[in-house]
1. Select from the range B:77-106 the residues that are among the acidic types (D, E) and under 15 Å from the mean Cα position of the chain (by Cα) and list them in ascending order.
2. Take the range A:10-48 and flag every residue that is small (G, A, S), within 16 Å of A:G100 (Cα to Cα) and not in a strand (DSSP E or B).
3. Looking for something in contact (Cβ under 8 Å) with a residue 12 or more places away in the chain and more than 21 Å from A:G100 (Cα to Cα) - is there at least one such residue anywhere in the range B:41-50?
4. For the range B:1-36, name all the residues that are touching a helix residue (DSSP H, G or I) at 6+ places or on another chain (Cβ under 9 Å) and part of a strand (DSSP E or B).
5. Is it true that B:G53 is among the small types (G, A, S) and modelled with pLDDT under 90?
6. Restricting attention to the range B:44-88, and to residues there that are assigned to a loop (DSSP other than H, G, I, E, B) and crowded, with 19+ Cβ neighbours inside 10 Å, which single residue is farthest from the other protein chains (Cβ to nearest Cβ)?
7. Tell me the residue from A:E55, A:E60, A:E81 that is closer than 27 Å to A:G29 by Cα and of a type in the set (D, E, K, R), please.
8. Among the residues of the range A:93-109, are any surrounded by 13 or more Cβ atoms within 10 Å (Cβ to Cβ), in contact with a Gly (Cβ under 9 Å, 6 or more places away or on another chain), within 12 Å of chain B (Cβ to nearest Cβ) and at pLDDT 95 or above?
Amino acid sequence: EDQVTQSPEALRLQEGESSSLNCSYTVSGLRGLFWYRQDPGKGPEFLFTLYSAGEEKEKERLKATLTKKESFLHITAPKPEDSATYLCAVLKVGNQFYFGTGTSLTVIP
Amino acid sequence: GAVVSQHPSWVICKSGTSVKIECRSLDFQATTMFWYRQFPKQSLMLMATSNEGSKATYEQGVEKDKFLINHASLTLSTLTVTSAHPEDSSFYICSARESGRRNEKLFFGSGTQLSVL
(Lines give C-alpha, C1' and ligand atoms only; values in the text may rest on other atoms or scores of the structure.)
Protein backbone atom coordinates (compact mmCIF):
# COMPACT_ATOMS: atom_id res chain seq x y z
CA GLU A 1 0.00 0.00 0.00
CA ASP A 2 1.33 3.42 -0.93
CA GLN A 3 1.89 5.40 2.22
CA VAL A 4 3.78 8.38 3.58
CA THR A 5 4.48 8.59 7.31
CA GLN A 6 6.02 11.50 9.14
CA SER A 7 7.58 11.42 12.58
CA PRO A 8 7.48 12.73 15.15
CA GLU A 9 3.98 14.22 15.11
CA ALA A 10 5.18 17.08 17.26
CA LEU A 11 8.62 18.31 18.24
CA ARG A 12 9.65 20.96 20.74
CA LEU A 13 13.18 22.30 20.53
CA GLN A 14 15.12 24.91 22.37
CA GLU A 15 16.46 27.66 20.18
CA GLY A 16 19.76 26.45 18.74
CA GLU A 17 19.01 22.78 19.38
CA SER A 18 19.45 20.99 16.04
CA SER A 19 17.25 18.04 15.12
CA SER A 20 15.78 16.06 12.23
CA LEU A 21 12.29 15.35 10.98
CA ASN A 22 11.57 12.07 9.24
CA CYS A 23 9.41 11.21 6.26
CA SER A 24 9.17 7.50 5.46
CA TYR A 25 7.48 6.28 2.32
CA THR A 26 6.41 2.99 0.81
CA VAL A 27 5.38 4.46 -2.51
CA SER A 28 6.63 2.55 -5.53
CA GLY A 29 7.84 4.43 -8.56
CA LEU A 30 9.01 7.62 -6.89
CA ARG A 31 9.12 10.65 -9.16
CA GLY A 32 9.83 13.21 -6.49
CA LEU A 33 9.63 13.92 -2.77
CA PHE A 34 8.56 17.37 -1.64
CA TRP A 35 8.99 19.24 1.62
CA TYR A 36 6.73 22.10 2.64
CA ARG A 37 6.37 24.45 5.55
CA GLN A 38 2.87 25.41 6.64
CA ASP A 39 2.00 28.20 9.06
CA PRO A 40 -1.44 28.25 10.72
CA GLY A 41 -4.17 29.52 8.43
CA LYS A 42 -1.92 29.56 5.37
CA GLY A 43 -1.20 27.31 2.45
CA PRO A 44 1.94 25.17 2.42
CA GLU A 45 5.10 26.94 1.29
CA PHE A 46 7.37 24.98 -1.03
CA LEU A 47 10.82 24.18 0.34
CA PHE A 48 12.48 21.39 -1.67
CA THR A 49 12.00 18.70 -4.27
CA LEU A 50 14.27 15.64 -4.15
CA TYR A 51 14.36 13.18 -7.02
CA SER A 52 16.75 10.35 -6.27
CA ALA A 53 18.44 8.59 -3.39
CA GLY A 54 21.56 10.37 -2.24
CA GLU A 55 20.33 13.78 -3.26
CA GLU A 56 20.60 16.66 -0.77
CA LYS A 57 19.31 20.22 -0.87
CA GLU A 58 19.84 23.12 1.51
CA LYS A 59 18.12 26.37 2.27
CA GLU A 60 19.28 28.52 5.16
CA ARG A 61 19.02 26.36 8.30
CA LEU A 62 17.24 23.52 6.51
CA LYS A 63 18.78 20.56 4.74
CA ALA A 64 16.80 17.78 3.09
CA THR A 65 18.19 14.36 2.27
CA LEU A 66 16.69 11.36 0.50
CA THR A 67 17.20 7.60 0.61
CA LYS A 68 15.23 4.85 -1.07
CA LYS A 69 12.91 4.59 1.92
CA GLU A 70 12.88 7.92 3.67
CA SER A 71 13.77 11.57 3.70
CA PHE A 72 15.10 13.69 6.52
CA LEU A 73 14.69 17.39 7.04
CA HIS A 74 17.55 18.55 9.21
CA ILE A 75 17.15 21.81 11.08
CA THR A 76 20.39 23.34 12.26
CA ALA A 77 20.35 25.81 15.16
CA PRO A 78 16.63 26.52 14.80
CA LYS A 79 15.09 29.86 15.66
CA PRO A 80 11.57 30.57 16.95
CA GLU A 81 10.55 31.71 13.47
CA ASP A 82 11.16 28.16 12.24
CA SER A 83 8.12 27.07 14.25
CA ALA A 84 5.58 25.64 11.81
CA THR A 85 4.17 22.37 10.54
CA TYR A 86 6.44 20.64 8.05
CA LEU A 87 4.78 18.45 5.45
CA CYS A 88 6.28 15.98 3.07
CA ALA A 89 4.64 14.65 -0.06
CA VAL A 90 5.57 11.98 -2.56
CA LEU A 91 4.81 12.02 -6.27
CA LYS A 92 4.75 8.60 -7.84
CA VAL A 93 4.68 7.38 -11.42
CA GLY A 94 1.09 7.78 -12.51
CA ASN A 95 1.10 11.31 -11.15
CA GLN A 96 -0.44 10.68 -7.77
CA PHE A 97 0.61 12.68 -4.76
CA TYR A 98 0.68 11.23 -1.26
CA PHE A 99 0.96 13.53 1.74
CA GLY A 100 2.23 12.83 5.21
CA THR A 101 0.33 14.14 8.22
CA GLY A 102 3.05 16.61 9.11
CA THR A 103 5.36 17.36 12.00
CA SER A 104 4.45 20.31 14.18
CA LEU A 105 7.68 22.03 15.21
CA THR A 106 7.85 24.47 18.09
CA VAL A 107 11.12 26.28 18.78
CA ILE A 108 11.28 27.80 22.23
CA PRO A 109 13.36 30.97 22.73
CA GLY B 1 7.24 35.20 -4.41
CA ALA B 2 3.83 33.58 -4.54
CA VAL B 3 3.26 31.70 -7.76
CA VAL B 4 -0.27 30.50 -7.01
CA SER B 5 -2.91 33.02 -6.10
CA GLN B 6 -6.05 31.90 -4.30
CA HIS B 7 -9.05 34.13 -3.61
CA PRO B 8 -10.80 34.90 -1.43
CA SER B 9 -8.71 34.31 1.69
CA TRP B 10 -11.80 33.97 3.78
CA VAL B 11 -15.51 34.03 3.22
CA ILE B 12 -18.55 33.92 5.45
CA CYS B 13 -21.83 32.93 3.88
CA LYS B 14 -25.34 31.93 4.82
CA SER B 15 -26.45 28.34 4.66
CA GLY B 16 -27.86 27.49 1.24
CA THR B 17 -25.79 29.94 -0.74
CA SER B 18 -22.97 29.09 -3.16
CA VAL B 19 -19.38 30.19 -2.85
CA LYS B 20 -16.75 30.31 -5.59
CA ILE B 21 -13.03 30.06 -4.87
CA GLU B 22 -10.46 30.92 -7.54
CA CYS B 23 -7.00 29.50 -7.97
CA ARG B 24 -4.57 31.04 -10.46
CA SER B 25 -1.06 30.07 -11.42
CA LEU B 26 0.74 33.36 -11.87
CA ASP B 27 3.84 32.69 -13.93
CA PHE B 28 3.49 29.20 -15.29
CA GLN B 29 0.92 27.10 -17.06
CA ALA B 30 -0.61 24.46 -14.85
CA THR B 31 -2.14 21.59 -16.74
CA THR B 32 -3.09 20.04 -13.43
CA MET B 33 -4.50 21.72 -10.35
CA PHE B 34 -5.61 20.10 -7.13
CA TRP B 35 -8.16 21.03 -4.51
CA TYR B 36 -7.78 20.07 -0.87
CA ARG B 37 -9.68 20.43 2.32
CA GLN B 38 -7.92 20.76 5.63
CA PHE B 39 -9.34 20.49 9.11
CA PRO B 40 -7.57 22.06 12.09
CA LYS B 41 -4.30 20.33 12.95
CA GLN B 42 -4.82 17.74 10.25
CA SER B 43 -3.09 17.14 6.97
CA LEU B 44 -4.38 17.94 3.53
CA MET B 45 -7.25 15.87 2.21
CA LEU B 46 -7.35 15.69 -1.57
CA MET B 47 -10.81 16.44 -2.90
CA ALA B 48 -10.27 16.46 -6.65
CA THR B 49 -7.78 16.72 -9.44
CA SER B 50 -8.52 19.27 -12.12
CA ASN B 51 -7.12 18.93 -15.62
CA GLU B 52 -7.37 21.80 -18.05
CA GLY B 53 -10.10 21.27 -20.60
CA SER B 54 -11.50 18.10 -19.09
CA LYS B 55 -13.69 17.01 -16.24
CA ALA B 56 -12.24 16.92 -12.77
CA THR B 57 -11.47 13.62 -11.09
CA TYR B 58 -13.01 13.45 -7.64
CA GLU B 59 -11.77 11.42 -4.71
CA GLN B 60 -14.01 8.84 -3.16
CA GLY B 61 -16.62 10.38 -0.90
CA VAL B 62 -16.46 13.85 -2.44
CA GLU B 63 -19.77 14.94 -3.94
CA LYS B 64 -19.32 16.11 -7.52
CA ASP B 65 -22.56 18.06 -7.56
CA LYS B 66 -21.70 19.88 -4.38
CA PHE B 67 -18.12 20.77 -5.17
CA LEU B 68 -18.08 21.98 -8.76
CA ILE B 69 -14.66 22.33 -10.30
CA ASN B 70 -13.88 24.16 -13.51
CA HIS B 71 -10.45 24.36 -15.11
CA ALA B 72 -11.17 26.44 -18.16
CA SER B 73 -7.67 27.69 -18.82
CA LEU B 74 -4.09 26.73 -18.10
CA THR B 75 -3.87 29.32 -15.35
CA LEU B 76 -7.26 29.22 -13.65
CA SER B 77 -9.28 26.66 -11.75
CA THR B 78 -12.35 27.38 -9.69
CA LEU B 79 -14.09 25.47 -6.92
CA THR B 80 -17.74 26.28 -6.27
CA VAL B 81 -19.29 25.02 -3.07
CA THR B 82 -22.96 24.81 -3.95
CA SER B 83 -25.76 25.13 -1.39
CA ALA B 84 -23.22 25.41 1.40
CA HIS B 85 -24.05 24.10 4.85
CA PRO B 86 -22.27 24.55 8.18
CA GLU B 87 -20.56 21.18 7.79
CA ASP B 88 -18.83 22.54 4.68
CA SER B 89 -16.99 25.06 6.83
CA SER B 90 -13.32 24.32 6.42
CA PHE B 91 -10.00 25.52 5.07
CA TYR B 92 -9.81 24.91 1.32
CA ILE B 93 -6.46 24.97 -0.48
CA CYS B 94 -5.58 24.68 -4.13
CA SER B 95 -2.31 23.68 -5.69
CA ALA B 96 -0.90 23.83 -9.18
CA ARG B 97 1.65 21.53 -10.66
CA GLU B 98 4.58 22.68 -12.72
CA SER B 99 6.29 19.74 -14.31
CA GLY B 100 9.18 19.08 -16.57
CA ARG B 101 12.26 16.97 -16.72
CA ARG B 102 13.54 16.83 -13.13
CA ASN B 103 11.53 19.95 -12.44
CA GLU B 104 8.55 18.75 -10.51
CA LYS B 105 7.05 21.42 -8.35
CA LEU B 106 3.72 21.65 -6.64
CA PHE B 107 2.84 25.12 -5.45
CA PHE B 108 0.01 25.89 -3.09
CA GLY B 109 -2.33 28.80 -2.81
CA SER B 110 -2.71 30.63 0.47
CA GLY B 111 -5.97 28.90 1.27
CA THR B 112 -9.57 29.98 1.78
CA GLN B 113 -11.27 29.77 5.16
CA LEU B 114 -14.95 29.14 4.56
CA SER B 115 -17.43 29.69 7.36
CA VAL B 116 -21.04 28.80 6.69
CA LEU B 117 -23.55 30.23 9.15
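1. Across the range B:77-106, the qualifying residue is only B:D88.
2. Passing the criteria: A:S28, A:G43.
3. Yes; the residues of the range B:41-50 include at least one that is in contact (Cβ under 8 Å) with a residue 12 or more places away in the chain and more than 21 Å from A:G100 (Cα to Cα).
4. Listed by number, the list holds a single entry, B:V19.
5. So B:G53 fits the description; yes.
6. Across the range B:44-88, the extreme among qualifying residues is B:A84.
7. A:E55
8. no
The values are calculated or read from the model by the stated rules, or taken from the named source; none is laboratory data. None of the values given here were measured: they were computed from a predicted structure. Note: ideal-geometry Cβ built from the backbone for every residue, glycine included; neighbour counts use all protein chains shown.
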